[in-house]
Amino acid sequence: MMKCTAIVLAAGKGSRMNSSVQKQYMELNGFPLVYYALRAFEHSCVDEIILVAGQDETGYCRREIVEKYQFQKVCKIIPGGRERYLSVYEGLRAADCDIVLIHDGARPFVTQEIINRTIEAAVQYGSGIAAVPAKDTVRLADDELTAVETPQRDRVWMMQTPQTFQYSMIRSAYEKVLEQQIQNITDDAMVLELGIHKAVKIVQGSYRNIKVTTPEDMDSAEAFAGRLEPYS
Ligand code: CTP
Ligand code: MG
């Protein structure tokens, strides 16, 4: 049997949210935001969950989230790093598994179908990245805001998480990228591309699988949370 571990990231500052409480701990329908992602993995086929929290917030997460809501699969709560990719690397170092799912704690509405699709692709192709087709046309611009390139819209996909990988592959890609001090890494797929020059496999995510980033996203999240089916 293959062992699957989910790394749930909650070590960010949430600066774009402009809130007093960090966004991952903001209340959504009576629960802290990160509760929803943990709940989805708790009820999934993954064997264990590693929660990556801020340096000073591991105790809070243990008491107020993991113990309070009795998440059985959370086996470690570890401090993250300065940037997202450094937090992921801490999670990878704490993991020991065949398949690893990397998920933003600020994405509350991941479903079992999405989780399973990313795992199936990772088993078959080495990676499975949840994503949705772009709805708007994307245009690349230079520093003067002059548009320089317009990719064909039906080829543009918006990356989400989970981003799921064969563990040994993503771990060595991370080590390469850290060694070479590559900058501006915004997702894990990039690490595979830049670290070991391997293309990732995209799988269907969902337009509801939003990352809560700015205050408007919290409005959408409230609307979606009201319609969530409970797990039995
Ligand atoms: N994250 C993390 N460690 C970091 C930065 C981000 O674990 N050093 C996590 C966040 O907690 C979030 C996810 O990675 O769940 C996606 O990052 P993002 O949406 O950018 O969150 P923040 O970095 O917290 O927000 P911002 O960029 O607006 O400051
Ligand atoms: Mg960020």
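General observations
- Taken over the range 8-40, the residue count meeting the criterion of being surrounded by fewer than 13 Cβ atoms within 10 Å (Cβ to Cβ), near ligand 1 (Cβ under 10 Å from one of its atoms), polar (S, T, N, Q) and at negative phi is 1.
- Selection within the range 47-90 - of a type in the set (Ser, Thr, Tyr) and either away from ligand 2 (no atom under 16 Å from the Cβ) or touching a Lys or Arg at 6+ places or on another chain (Cβ under 6 Å) (or both): 58, 60, 69
- On inspection, residue 225 fails the criterion of being touching a helix residue (DSSP H, G or I) at 6+ places or on another chain (Cβ under 8 Å) and either under 21 Å from residue 84 (Cβ atoms) or β-branched (Val, Ile, Thr) (or both).
- Positions within the range 1-15 being touching a Pro at 6+ places or on another chain (Cβ under 9 Å) and within 11 Å of ligand 2 (Cβ to nearest atom), in sequence order: 11
- Pairs linking a residue in the range 82-96 that is over 15 Å from residue 8 (Cβ atoms) to a residue that is of a type in the set (Lys, Arg), with Cβ atoms under 6 Å and 6 or more positions apart or on different chains, do not occur.
- Taking the criterion of being assigned to a loop (DSSP other than H, G, I, E, B), hydroxyl-bearing (Ser, Thr, Tyr) and either farther than 23 Å from residue 107 by Cβ or modelled with pLDDT of 95 or more (or both), the residues of the range 175-232 that qualify are 186, 206, 207, 213, 214.
- Residues satisfying the stated conditions in the range 47-56, i.e. touching a residue at least 24 places away in the same chain (Cβ under 8 Å), surrounded by fewer than 24 Cβ atoms within 10 Å (Cβ to Cβ) and either farther than 12 Å from residue 10 by Cα or acidic (Asp, Glu) (or both): 47, 48
The values are calculated or read from the model by the stated rules, or taken from the named source; none is laboratory data. None of these values were measured; they are calculated from a predicted model. Virtual Cβ from ideal backbone geometry, glycine too; neighbours counted across all protein chains shown.
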